[in-house]
Amino acid sequence: MTQTVAVLGTGKIGEALLSGMIRAGWRAGDLLVTTRRPERAEKLRTRYGVEAVTNAEAAKSADILILAVKPQDMGKLLDELAPHVTTDRLVISAAAGITTAFIEDNLTAGIPVVRVMPNTPVLVDEGMSVISAGSHATAEHLDHAESIFGGVGKTLRVPESQQDAATALSGSGPAYFYFLVEAMTDAGILLGLPRAQAHELIVQAAIGAAVMLRDSGEHPVKLREAVTSPAGTTISAIRELENHGVRAALIAALEAARDRSRELATGNG
């Protein structure tokens, strides 16, 4: 059975989902988008051949609603949707920190809700989207969410109680790597390399290391030890990282991100 999907709040993540669905075989005629600005709506119409509608129109006609707005905008959006969404629809939230219970409480009782935390590499089809079921969502509803988000990367189902931790680790995760690459680039410049060369060396090292982690199945400790020869350059660097508390700093950083996700869930934006 053909289903209509509406992406509400078609910013970068929303557009990435839209383009991924089209590449995965969804018909443009079965896809709707909403956006605040008319010029943005026109650009999406031209680029993808989809119809741009209001939030209320999307709620009335779409079988699946993907809420891709910022967390602070979710309450207002739900107020617009509430009079029109019925229990035969599926609501998928991609907003950080917003619980399925919050969405369920602001819509008609019994509406199935699925919570998804994607990260920005969905823009290059290498995202990780963490999926959790609300109290009325079934395995079939989770399958629907995976069919959408699987088009832009990998998916992982977790209990919703783990979503804040997943947001800290995966949702915010790319930023930690960018921060590390930035710091290593500066170090390369300090060591005498031109910025462009330092950047290229580090980016390729990051890509190669990530592929080895993904494809080898080896524990990261084993892969690190393979590079760390006795009295060599790598162990000297590792010693300094440990002396400066890098491991402890990363753990503290992820705890802070988890705690902020919990704050967003309580409305302390």
Checklist entry - Build a GNM of the chain with springs between Cα atoms under 10 Å: which of R247, R115, R36 gets the top mean-square fluctuation? => result R247
Checklist entry - Can you pull the percent of region 185-269's accessible area that's carbon plus sulfur, 1.4 Å probe, other chains left in place? => result 63
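How do the peptides 227-239, 23-35, 127-139, 171-183 rank, highest first, by the average count of neighbouring beta carbon atoms within 10 Å per residue? Could the numbers behind the result be given before it?
On the way: 227-239: 11.0, 23-35: 17.0, 127-139: 19.7, 171-183: 14.8.
Put in order of decreasing packing, that is 127-139, 23-35, 171-183, 227-239.
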Next on the checklist: Skipping prolines and chain starts, which residues have an amide H placed within reach, meaning under 5 Å, of the one on R157, given they are 5 or more residues away or on another chain?
Outcome noted: I131
Item to check | Sulfur and carbon atoms: percent of accessible area, region 1-66 [1.4 Å] | outcome: 49
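Which whole-number value in Å² is the accessible area per residue of region 22-68, probe 1.4 Å? Numbers along the way, then the final one.
Numbers: 2540 Å² over 47 residues.
The answer is 54 Å² per residue.
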Next on the checklist: Helix 173-190 against the longest principal axis of the chain: what's the angle in degrees, Cα atoms only, rounded to the nearest 10?
Outcome noted: 30
Next on the checklist: If I fit a long axis through the Cα atoms of helix 12-23 and take the longest principal axis of the Cα atoms of the chain, what angle between them do I get, 0 to 90°, rounded to 10?
Outcome noted: 80
Next on the checklist: As I understand it, the value is the acute angle between the Cα axis of helix 233-243 and the longest principal axis of the Cα atoms of the chain; what does it come to in degrees, rounded to 10?
Outcome noted: 70
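Find the accessible area per residue for region 124-269; the probe is 1.4 Å, ligands and nucleic acids are left out, and the unit is Å².
Here the per-residue accessible area is 66 Å².
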Item to check | Under the Karplus curve 6.51 cos²θ - 1.76 cosθ + 1.60, θ = phi - 60°, whole-Hz ³J(HN,Hα) for region 261-266, x wherever Gly or Pro sits | outcome: 4, 5, 5, 4, 5, 8
Checklist entry - Which label marks the calculated value of Cα Rg over 2.2 N^0.38 Å, given the options (i) 1.06; (ii) 1.16; (iii) 0.92? => result (ii)
Checklist entry - What lysines sit close enough to K76 to cross-link, taking a C-alpha to C-alpha distance under 30 Å and skipping anything fewer than 8 places away on the same chain? => result K12, K43, K60
Checklist entry - Which ³J(HN,Hα) values in Hz, rounded to whole numbers, follow from the phi angles of region 223-231 under the Karplus curve 6.51 cos²θ - 1.76 cosθ + 1.60, where θ = phi - 60° and Gly and Pro get x? => result 5, 5, 5, 5, 9, 9, 8, x, 6
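The values are calculated or read from the model by the stated rules, or taken from the named source; none is laboratory data. Being a predicted model, the structure only gives us computed values, none of them experimental. A quick note on method: Cβ atoms are made from the backbone with ideal geometry, for glycine too, and the neighbour counts reach across all protein chains shown. Calculation scope for accessible area: heavy atoms of the full protein, side chains included, ligands and nucleic acids excluded. Shrake-Rupley method; radii C 1.70, N 1.55, O 1.52, S 1.80 Å.
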